[in-house]
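Right, one structure below, let's go through it.
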């Protein structure tokens with residue numbers, strides 16, 4: 001996991017704590033530890049990674065806190081091919097994800113064509129679209145370079 005600047009991390013932690021409080025949950029020491037670890041990640045993570053990095057926090061607390069944050073819209077849940085889901089902090093702006101099928105690296109992208117297709121679908125679909133998500137599975141540039149060199153960077 002990469003780290004992000006301290007000022008950005010503090011904003012993220014505050015928004016995560018607020019999301020939990022808005023759901024009627026108290027700020028406990030364990031929940032604070034989970035949100036602090038998420039804020040420092042700066043990258044996608046799995047629940048198991050958080051459990052390993054926070055041995056002092058109960059496994060159930062980690063999973064429940066993640067579930068509450070996903071339900072609140074503060075985290076994005078990303079399905080991974082043949083693996084445990086990964087999570088990333090939800091951004092304010094609408095975006096989609098790329099996921100490397102070799103190493104699991106997650107990226108975000110926005111594209112006007114996707115948004116135009118969604119507006120077009122709204123006219124064609126019988127009913128109201130209440131949401132959508134898009135994950136594009138790729139082989140990232142680092143994996144492509146490793147393949148070219150006959151290695152694996154996972």
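The values are calculated or read from the model by the stated rules, or taken from the named source; none is laboratory data. Worth saying up front: this structure is predicted, and the values here are computed from it rather than measured. So basically every Cβ, Gly included, is an ideal-geometry build from the backbone, and we count neighbours across all protein chains shown.
For segment 33-71, taking the residues that are under 13 Å from the mean Cα position of the chain (by Cα) and assigned to a loop (DSSP other than H, G, I, E, B), the one that is modelled with the lowest pLDDT is identified as 42. Every test in (1) in a loop (DSSP other than H, G, I, E, B); (2) not assigned by TED's automatic domain parsing to the domain that holds residue 19 is passed by residue 80 save one, and that test is (2).
Among the residues of segment 87-103, those identified as touching a residue at least 40 places away in the same chain (Cβ under 8 Å) and either loosely packed, with under 15 Cβ neighbours inside 10 Å or touching a helix residue (DSSP H, G or I) at 6+ places or on another chain (Cβ under 9 Å) (or both) are 87, 88, 89, 96, 100, 102, 103. Could you say whether any residue in segment 93-103 is outside the structural domain of residue 147 (by TED's automatic domain parsing), at pLDDT 80 or above and over 20 Å from residue 132 (Cα atoms)? No. Consider segment 104-133 and keep the residues that are in contact with a strand residue (DSSP E or B) (Cβ under 7 Å, 6 or more places away or on another chain) and surrounded by 13 or more Cβ atoms within 10 Å (Cβ to Cβ). The one that is nearest to residue 80 (Cα to Cα) is 104. In this structure, residue 108 does not qualify as at pLDDT 80 or above and not assigned by TED's automatic domain parsing to the domain that holds residue 48.
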